[in-house]
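See below for the structure under consideration.
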Amino acid sequence: MQTLPFVDAAAVRAATPWPDLVAALRDAFRQGCVLPPRHHHAFEVPGERDGTLLLMPAWRTGGTLGVKVVNIVPGNDARGLPAVSAVYLLFSAATGLPLALLDGAELTARRTAAASALAAGFLARADAARLLVVGTGRLAPELAAAHASVRPVREVAVWGRSGGKAEELAASLGRELGLEVRATADIEAAVRAADIVSTATTSLEPLVRGAWLKKGAHLDLDPMSLPKDRVARL
């Protein structure tokens, strides 16, 4: 039986530096691929919000075929576990044979953040220097780094429901990015000051109000974890 090579999180990260990944996504969106509708299933988690199972296939004819399997469990935050876990299976689209298994959580975080940065590269002001990240979970640091790779970000603010987690994330981001990063407890003031507002949260309730956004600000929303009926109404 064939043993598939496993590409772990560190290897995925090393292979996807932000400028290269953003450029690759830009080219992929232009070229297109076969992208069937993803499967979206809710599964019950006793005593808390439902989890979500996503099955996400895509391929290029004669090239490669991949399926990402993602589980989103919002209640994991209380357990000290990531809300999103995933694996990615890569196959040959010519033979159907499996080629590799990738760490899907790392791939998801990198790809999601890079897609947000790609959009900001088209939509955010060229001089956008102040970034607000709303949320402190797995995706938050990736969004900060990705946006800083496409715009001249000098200041980063972090808001989260847990002030302690916001402080921890701000400290680690400051070291990683070499920028001025601070935690904030006043989300309204932070939104009003920001040139780019990027959300990384599983909240079902609005956290950012449109009236708070200053003229020319770019708002980046990630509705990945929301049920379809809620996304349609946003």
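What to note about this one:
- Helix 18-31 vs. the chain, principal-axis angle (Cα, 0 to 90°, nearest 10): 60
- Bridge type composition, the chain - antiparallel percent by DSSP, nearest 5: 60
- Under 15 Å of direct C-alpha separation, and excluding same-chain neighbours fewer than eight residues apart, Lys214 reaches these aspartates and glutamates: Asp127, Glu188, Asp195.
- Using the Karplus relation 6.51 cos²θ - 1.76 cosθ + 1.60 with θ = phi - 60°, the per-residue 3J(HN,Hα) values for region 207-216 come to 10, 10, 9, x, 5, 7, 6, 7, 4, x Hz, with x marking Gly and Pro.
- Exposure proxy shown here: for Leu97, Leu139, the number of other Cβ atoms within 10 Å sets the order, fewest to most, as Leu97, Leu139.
- Rg/Rh for region 50-196 (Cα atoms only, Rh after Kirkwood) is 1.05.
- In degrees, nearest ten, helix 140-150 long axis to first principal axis of the chain (Cα): 80
- Length-normalised contact order of region 112-233 in % [C-alpha pairs under 8 Å, at least 6 apart]: 28
- Projected onto its three principal axes, the C-alpha set of region 25-66 covers 44, 21, 13 Å, listed from the longest axis down.
- Crossing angle, helix 104-123 versus the chain [Cα axis fit, 0-90 degrees, rounded to tens]: 50
- Treating r as the C-beta distance of Arg13 and Glu168 and R0 as 22 Å, the FRET efficiency rounds to 0.65.
- Relative contact order of the chain, defined on C-alpha pairs under 8 angstrom at six or more residues apart (%): 15
- Efficiency of FRET from Cβ geometry, Arg161 and Asp20, R₀ 30 Å, rounded to 0.05: 0.35
- Cα Rg over Rh - region 112-233, Kirkwood: 0.93
- Residues Val34, Val12 in ascending order of nearby Cβ atoms (within 10 Å, fewest first): Val34, Val12.
Rule-based calculations on the coordinates, nothing more; no lab input. As the structure is a computational prediction, the values presented were derived from the model and not from experiment. All Cβ positions, even for glycine, are placed from backbone atoms using ideal geometry, and neighbour counts span all protein chains on display.
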